[in-house]
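One structure is given below, encoded as structure tokens.
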Amino acid sequence: MNVNHLKMLGLHALIGVFMFFFKSLGDLYLLLIICFFFRKAYLVAPNKRAIIFLYACAYITSVEVLLRMTGGVLFYEASKYLVIVFSVCGIFSKGFYSRSIIYIFYLLLLVPSIYLSLYMIDYGLNVRKAIAFNLSGPYCLGIAAIFVYGLKITKDELLKLLNYLLYPLISIVVYLFVFNPNVSEIITGTGSNYTASGGFGPNQVATVLGLAMFILTTRYFYFSKIVFSKGIDLVLLGLVTFRAIVTFSRGGVLTALIMILAFLFFYFLIAKAKKRRRIGLSFIGLIILGAATWIISSSQTNGFIDKRYANQNATGVVKDDITTGRGSLLEFEFNQFLENPFFGVGVGRVKQLRFEETGLHVATHNEISRIISEHGLLGVLAFLILLITPLLFHLRNRQNLFFFSFYLFWLSTVNHSSMRIAAPAFIYALTLLHFVNEKPVIHRKQVIEQE
């Protein structure tokens, strides 16, 4: 195992402890991150700067939840704006790929509803803030996609990219264990648990921990070559999975399982017979770890986690609505689209209209229904661009073994967590990477001997 990787894991474990005791220094931590990556980009050769900015986007994406849960972020949406800044720097470093113009069109489709909101939002809210909050995610996705589209990356660079995503997530896991070392003391029901999530949103915490589950699984199967390395990955995977499960937020965990199954399916499909046997043996180890983690989680939550995933309440009665009320919210947003089919109701207005009609000040956290209800037919077209473009790109660039895992993470996450964090936006952009062989093929001329 790379010694530097072990050092980085240890460093970020210490950062998790440090952030618990010195939450007020989160802003300094963020500024150090920004300086580190800009300095790193300055020191490398110009043709390598785009990859450095990609690493910067990855790290910022993962550290976002840690900074939010400790209150140490310059402002709430800072991470998305930083991903945009690093993406713009990356675009200037690598140049503009002509086919990525489709994402400029996507961004333009979101503009008309902004003007609609400027005239119609009337509920004592800062209009600029409401619009920025609802569009920071979509614009982060669009600009990151323009940057990443066609960006060449090798297997070694991909490993570094995944590691940059992983390190802050290790800090989050350590922070959670320090914040709440004994889960059994705080679990009293089957609802999402804020205490087990570090005092922050369980949905967002489970989402990024699910991403860590996927990264560690791919390291275990695809990148780690020695027993010690695989052992480290399995131990970390068990800890991450346990903390993800006990948030009681199912979306992030189920999304992780979907990503892992997609990766293993395609990896097994392309593997040769000898490698397939190794994958099979490794899979047995994964199943044993998963079963042990679930048993421990069930014990630590006094059986409530079993009821949660069986869609039961604390008394064991099956709930009528598996969507926990989101089905009716989706229906409301679809009806708003039918009533305002061309330009929608305006950015940020669907939540206001729901409150006026039902008295419920809640959101569906579903980006698909939101973009359709708030942007109308323009939103439908914008979503179709997001849905179809990566698939067309993959038809021309089939080397990305991680494509469907990244794609399904985006599609699943925007259905249960919308785009409250930068993760679905950036991971979506990774579907547009162009994988290349590390060693160029050498064509040798045949020497023909004369008789």
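The values are calculated or read from the model by the stated rules, or taken from the named source; none is laboratory data. For clarity, every value in this text was computed on a predicted model and none was experimentally measured. Cβ sites come from the backbone with ideal geometry, for glycine too, and all protein chains shown count toward neighbours. In case anyone asks, the SASA skips ligands and DNA or RNA and just uses the protein heavy atoms, side chains included. Shrake-Rupley method; radii C 1.70, N 1.55, O 1.52, S 1.80 Å.
Could you check THR218 against (1) among the polar types (S, T, N, Q); (2) surrounded by fewer than 20 Cβ atoms within 10 Å (Cβ to Cβ); (3) assigned to a helix (DSSP H, G or I) and say which number it fails?
The one condition THR218 does not meet is (2).
Restricting to the stretch 387-411, and then to whatever is in a helix (DSSP H, G or I) and open to solvent by less than 10 Å² (accessible area, probe 1.4 Å), can you tell me which residue is nearest to SER117 (Cα to Cα)? Step through it out loud before you land on a result.
Filtering the stretch 387-411 for residues in a helix (DSSP H, G or I) gives 387-396, 403-411.
Add one more test, that the residue is open to solvent by less than 10 Å² (accessible area, probe 1.4 Å), and what stays is 390, 393, 403, 405-406, 409-410.
Values: PRO390: 30, PHE393: 34, PHE403: 36, SER405: 35, PHE406: 32, PHE409: 30, TRP410: 27 Å.
Step by step, filter the stretch 387-411, then rank; the result is TRP410.
Out of the stretch 1-16, which residues are out of contact with any Ser or Thr (no Cβ under 7 Å at 6 or more places or on another chain), surrounded by 15 or more Cβ atoms within 10 Å (Cβ to Cβ) and farther than 19 Å from ARG219 by Cβ?
none
So how many residues does the stretch 239-259 have that are open to solvent by 10 Å² or more (accessible area, probe 1.4 Å) and farther than 18 Å from ASP306 by Cα?
2
Quick one: which of LEU82, LEU31 is in contact with a Leu (Cβ under 9 Å, 6 or more places away or on another chain), open to solvent by less than 30 Å² (accessible area, probe 1.4 Å) and in a helix (DSSP H, G or I)? Walk me through how you get there before you give the answer.
Details: LEU31 fails: open to solvent by less than 30 Å² (accessible area, probe 1.4 Å).
One residue alone meets the criteria, LEU82.
Does LEU67 fit the bill of being loosely packed, with under 13 Cβ neighbours inside 10 Å, out of contact with any Lys or Arg (no Cβ under 8 Å at 6 or more places or on another chain), hydrophobic (A, V, I, L, M, F, W, C) and assigned to a helix (DSSP H, G or I)?
On the way: loosely packed, with under 13 Cβ neighbours inside 10 Å: no; out of contact with any Lys or Arg (no Cβ under 8 Å at 6 or more places or on another chain): yes; hydrophobic (A, V, I, L, M, F, W, C): yes; assigned to a helix (DSSP H, G or I): yes.
No, not satisfied.
For the stretch 412-436, enumerate the residues that are within 17 Å of VAL148 (Cβ to Cβ), open to solvent by 10 Å² or more (accessible area, probe 1.4 Å) and not in a loop (DSSP other than H, G, I, E, B). Before the answer, list the steps.
Going through the stretch 412-436, the residues within 17 Å of VAL148 (Cβ to Cβ) turn out to be 419, 422-436.
Then keep just the ones that are open to solvent by 10 Å² or more (accessible area, probe 1.4 Å); that gives 419, 434-436.
Passing the criteria: HIS434, PHE435.
All but one of (1) in contact (Cβ under 8 Å) with a residue 40 or more places away in the chain; (2) among the aliphatic types (A, V, I, L, M); (3) open to solvent by less than 40 Å² (accessible area, probe 1.4 Å); (4) in a helix (DSSP H, G or I) hold for VAL350; state the number of the condition that does not hold.
Failing condition for VAL350: (1).
Could you say which residue among LEU151, LEU141, LEU159 is open to solvent by less than 10 Å² (accessible area, probe 1.4 Å) and among the aliphatic types (A, V, I, L, M)?
Working: LEU151 fails: open to solvent by less than 10 Å² (accessible area, probe 1.4 Å); LEU159 fails: open to solvent by less than 10 Å² (accessible area, probe 1.4 Å).
From the options LEU151, LEU141, LEU159, the qualifying one is LEU141.
Conditions: (1) within 21 Å of LEU141 (Cβ to Cβ); (2) of a type in the set (A, V, I, L, M); (3) open to solvent by 20 Å² or more (accessible area, probe 1.4 Å). LEU43 meets all but one. Number of the miss?
(1)
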